[in-house]
Amino acid sequence: MNTALRGSLELIREQEAEVLIQTYDRIPVLLERGEGMHVYDSDGREYVDFLSGIGVNALGYNHPRIRAAIVAQAERLIHVSNLFYHEYQAPLAARLTALSGLDRAFFCNSGTEAWECAIKLARAQGKKKTRLLMMKNSFHGRTMGSLSTTGHAKYRAPFRPMLPGVTFVRFNDVEDLEAKFDSSVCAIGLETIQGEGGVHPVSPRFLEKARELTRNSGALLLVDEIQCGLGRTGKMFAYQHYGIEPDIVTVAKPLAAGLPLGAVLARDDVAAAFHPGMHGTTFGGGPLACAAALAFLEELSGPGFVEGIAARGEYFRDRLLHLKTRHRCVRDVRGMGLMAAIELDSSALAKSAVHEMMERGFIINRTHDVVLRFLPPYIVEAEHIDRMVNALDEVLAGGTANA
């Protein structure tokens, strides 16, 4: 890092307090570099990252294939507008459509932009059908459209009124879904695994019913795989565990291995609802991000790579289940692959556990008040899992004793 730009944590916190809009409650740690599973702070302290930048750094830090792709492309061309062609969008779209079973792709900058596009596409395709059935306990992003379809009232409340025509369904409640579905619905939208909502997988019966209702009526099934897609669960896409193909899928977080990139994948007939001028982006799908994404998918598509994620996920789940047998404060263990969570019986305990784990050199986070969420890089090994679980065992023992 340029020494002229370096500063102490205290100085940087003071500067941010003066000039940044205060939207984050940051952890008081100044991170400076990363390597593999580890990040290092300004004091040289090492942390094992079991959050991977909230699911973004899926190959860990400073991965040689990603670094080489970014450096090579940065020397050639970083940005062109979408008024022109460049050499990476078509190959990346071809790779994603082949992996997903869908037909076409649109590239943007983030998950919330991808979901925003999916909503617009559903409305455009539905024409006079305008109602959207979305899930309670869901999270789709911070833009107004994505926020309007997010099932947590606390996120929507400060910004009302929201996008009209959105009805919320109790997640995994088939009867509620059937009761609220009618011919005015243009789409049902859901996360295959609710991430911010506490790592809750969709039930097979619920997803099958959503597919049946939409197929029979001509409505669309929108699936948000921004957090759970692209290998995270031990398959390329989490919906592939269920044998169901959606009409539209959104992905983002790990796609460009740390660079901003989101994508919307859709069937041909659905994509036809858009024509030039109806939607667009200045930065989305630029050459630098697309080159990184292709390198990421090449790594992900290597022999046995995704199968290895599934195997390590099973090992991780077994270790977390062992914690449940040891600590009464653990109410549940959930997840798929390397997207895992344990639900505790106390918000205060969950909050303190995150802090105590950080003190022990492990990065995890808390979501939905009482849930400890784990999104480790795909390169995690059994030894990392063992060290983290052993540390958490000690933390929960102390927390239980102090409760």
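Please indicate, with yes or no, whether at least one residue in the stretch 330-347 is out of contact with any His (no Cβ under 7 Å at 6 or more places or on another chain) and at positive phi.
Yes, that holds for at least one residue.
Within the stretch 44-58, track down each residue that is surrounded by 14 or more Cβ atoms within 10 Å (Cβ to Cβ) and assigned to a loop (DSSP other than H, G, I, E, B). Walk me through how you get there before you give the answer.
Narrowing the stretch 44-58 to residues surrounded by 14 or more Cβ atoms within 10 Å (Cβ to Cβ): 47-58.
If the condition is that a residue be surrounded by 14 or more Cβ atoms within 10 Å (Cβ to Cβ) and assigned to a loop (DSSP other than H, G, I, E, B), then Phe50, Leu51, Val56, Asn57, Ala58 are the ones that fit.
Any residue at all in the stretch 186-195 that is modelled with pLDDT of 95 or more, under 20 Å from the mean Cα position of the chain (by Cα) and farther than 23 Å from Glu212 by Cα? Talk me through it step by step, then tell me what you get.
To start, the set of residues in the stretch 186-195 that are modelled with pLDDT of 95 or more comprises 186-195.
Those left that are additionally under 20 Å from the mean Cα position of the chain (by Cα): 188-195.
With the extra rule that they be farther than 23 Å from Glu212 by Cα, the set shrinks to 195.
Taking every residue of the stretch 186-195 in turn, at least one turns out to be modelled with pLDDT of 95 or more, under 20 Å from the mean Cα position of the chain (by Cα) and farther than 23 Å from Glu212 by Cα.
Could you say which residue among Tyr40, Tyr61 is surrounded by 13 or more Cβ atoms within 10 Å (Cβ to Cβ), touching a residue at least 24 places away in the same chain (Cβ under 8 Å) and among the aromatic types (Phe, Trp, Tyr)?
Working: Tyr40 fails: touching a residue at least 24 places away in the same chain (Cβ under 8 Å).
Result of the check over Tyr40, Tyr61: Tyr61.
Please determine whether any residue of the stretch 32-50 is among the basic types (Lys, Arg), out of contact with any Pro (no Cβ under 7 Å at 6 or more places or on another chain) and assigned by TED's automatic domain parsing to the domain that holds Ala272. Can you show your working first?
Initially, the stretch 32-50 is screened for residues among the basic types (Lys, Arg), giving 33, 45.
Going one step further and asking which of them are out of contact with any Pro (no Cβ under 7 Å at 6 or more places or on another chain), we end up with 33, 45.
Checking which are assigned by TED's automatic domain parsing to the domain that holds Ala272 leaves us with none.
No, the stretch 32-50 has no match at all.
Looking only at residues that are part of a helix (DSSP H, G or I) and without any contact (Cβ under 8 Å) to a residue 12 or more places away in the chain in the stretch 64-102, which one is farthest from the chain's Cα centre (by Cα)? Steps first, answer last, please.
To start, the set of residues in the stretch 64-102 that are part of a helix (DSSP H, G or I) comprises 64-74, 89-100.
Imposing the further condition that a residue be without any contact (Cβ under 8 Å) to a residue 12 or more places away in the chain reduces the set to 64, 67, 71, 90, 94, 98.
Details: Pro64: 23, Arg67: 22, Val71: 26, Ala90: 24, Ala94: 22, Ala98: 21 Å.
Taking the candidates together, the pick is Val71.
Got at least one residue in the stretch 103-111 being touching a Ser or Thr at 6+ places or on another chain (Cβ under 7 Å), more than 15 Å from Glu225 (Cβ to Cβ) and without any contact (Cβ under 8 Å) to a residue 60 or more places away in the chain? Please lay out each step first, then the result.
Step one: of the stretch 103-111, the residues touching a Ser or Thr at 6+ places or on another chain (Cβ under 7 Å) are 103-105, 108-109, 111.
Right, trim to more than 15 Å from Glu225 (Cβ to Cβ) and you get 103-104, 109.
So of that shortlist, the ones also without any contact (Cβ under 8 Å) to a residue 60 or more places away in the chain come out as none.
There is no residue in the stretch 103-111 that is touching a Ser or Thr at 6+ places or on another chain (Cβ under 7 Å), more than 15 Å from Glu225 (Cβ to Cβ) and without any contact (Cβ under 8 Å) to a residue 60 or more places away in the chain.
Which residue pairs have Cβ atoms under 8 Å apart, sit 6 or more places apart or on different chains, and have a first residue in the stretch 201-217 that is among the aromatic types (Phe, Trp, Tyr) and a second that is not in a helix (DSSP H, G or I)?
Between residues of the stretch 201-217 that are among the aromatic types (Phe, Trp, Tyr) and residues that are not in a helix (DSSP H, G or I), the close pairs are Phe206/Phe171; Phe206/Asn172; Phe206/Asp173.
Is there any pair with a first residue in the stretch 294-313 that is closer than 11 Å to Tyr378 by Cα and a second that is surrounded by fewer than 19 Cβ atoms within 10 Å (Cβ to Cβ) whose Cβ atoms are under 6 Å apart and which are 6 or more apart or on different chains, and what are they?
Once the first residue is closer than 11 Å to Tyr378 by Cα and sits in the stretch 294-313, its partners that are surrounded by fewer than 19 Cβ atoms within 10 Å (Cβ to Cβ) give Glu299/Arg65.
For Arg312, which of the numbered conditions (1) touching a Lys or Arg at 6+ places or on another chain (Cβ under 8 Å); (2) closer than 22 Å to Thr367 by Cβ; (3) surrounded by fewer than 24 Cβ atoms within 10 Å (Cβ to Cβ); (4) of a type outside the set (Gly, Ala, Ser) fails to hold?
Failed condition: (1).
Look at the stretch 158-172 and say how many of its residues are more than 23 Å from the chain's Cα centre (by Cα) and more than 22 Å from Lys120 (Cα to Cα).
Residues meeting the conditions: 1.
Residues are listed down the side, and each one gets a yes or a no for (1) closer than 13 Å to Ser110 by Cα; (2) among the charged types (D, E, K, R); (3) modelled with pLDDT of 95 or more:
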| site | (1), (2), (3) |
| --- | --- |
| Pro254 | yes, no, yes |
| Ala257 | yes, no, yes |
| Val264 | yes, no, yes |
| Leu300 | no, no, yes |
| Pro303 | no, no, yes |
| Val306 | no, no, yes |
| Ala310 | no, no, yes |
| Gly313 | no, no, yes |
| Arg319 | no, yes, yes |
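What residue, of Ala210, Ala238, Ala219, is within 21 Å of Ala293 (Cα to Cα) and of a type outside the set (Lys, Arg)?
Numbers: Ala210 fails: within 21 Å of Ala293 (Cα to Cα); Ala219 fails: within 21 Å of Ala293 (Cα to Cα).
After applying the criteria, what remains is Ala238.
Just the residues that are over 22 Å from the mean Cα position of the chain (by Cα) and either crowded, with 23+ Cβ neighbours inside 10 Å or among the aromatic types (Phe, Trp, Tyr) (or both), please, taken from the stretch 271-294.
Of the stretch 271-294, the ones over 22 Å from the mean Cα position of the chain (by Cα) are 271-280, 282, 287.
Residue satisfying the conditions is Phe274 alone.
Give me the pairs, please: first residue somewhere in the stretch 167-184 and within 15 Å of Ser217 (Cβ to Cβ) and in the same structural domain as Gly145 (by TED's automatic domain parsing), second residue anywhere and part of a loop (DSSP other than H, G, I, E, B) and hydroxyl-bearing (Ser, Thr, Tyr), beta-carbon distance under 9 Å, and either six or more positions apart or on two chains.
Ser184/Thr130
For the stretch 298-403, please list each of the strands (runs of 3 or more DSSP E) lying entirely inside it that holds at least 2 residues being among the β-branched types (Val, Ile, Thr). Before the answer, list the steps.
Working: elements: 330-336, 339-344, 365-367, 371-374.
So the answer is 330-336.
I'd like to verify a number: residues in the stretch 128-156 that are without any contact (Cβ under 8 Å) to a residue 24 or more places away in the chain and over 23 Å from the mean Cα position of the chain (by Cα), how many?
Total meeting the criteria: 1.
Within the stretch 311-335, can you find the residues that are touching a helix residue (DSSP H, G or I) at 6+ places or on another chain (Cβ under 9 Å) and of a type in the set (A, V, I, L, M, F, W, C)?
Across the stretch 311-335, the qualifying residues are Phe316, Leu320, Leu323, Cys329, Val330, Val333.
Residues of the stretch 270-297 being outside any loop (DSSP other than H, G, I, E, B) and touching a helix residue (DSSP H, G or I) at 6+ places or on another chain (Cβ under 8 Å), which ones? Explain how you work it out, then say what you get.
First, pick out the residues of the stretch 270-297 that are outside any loop (DSSP other than H, G, I, E, B): 270-271, 287-297.
Val270, Ala271, Pro287, Leu288, Cys290, Ala291, Ala292, Ala293, Leu294, Ala295, Phe296, Leu297, listed by residue number.
The values are calculated or read from the model by the stated rules, or taken from the named source; none is laboratory data. What you see is a predicted model; the values in this text were computed from it and never measured. Positions of Cβ are generated from backbone atoms using ideal geometry, with glycine treated the same way; all protein chains shown enter the neighbour counts.
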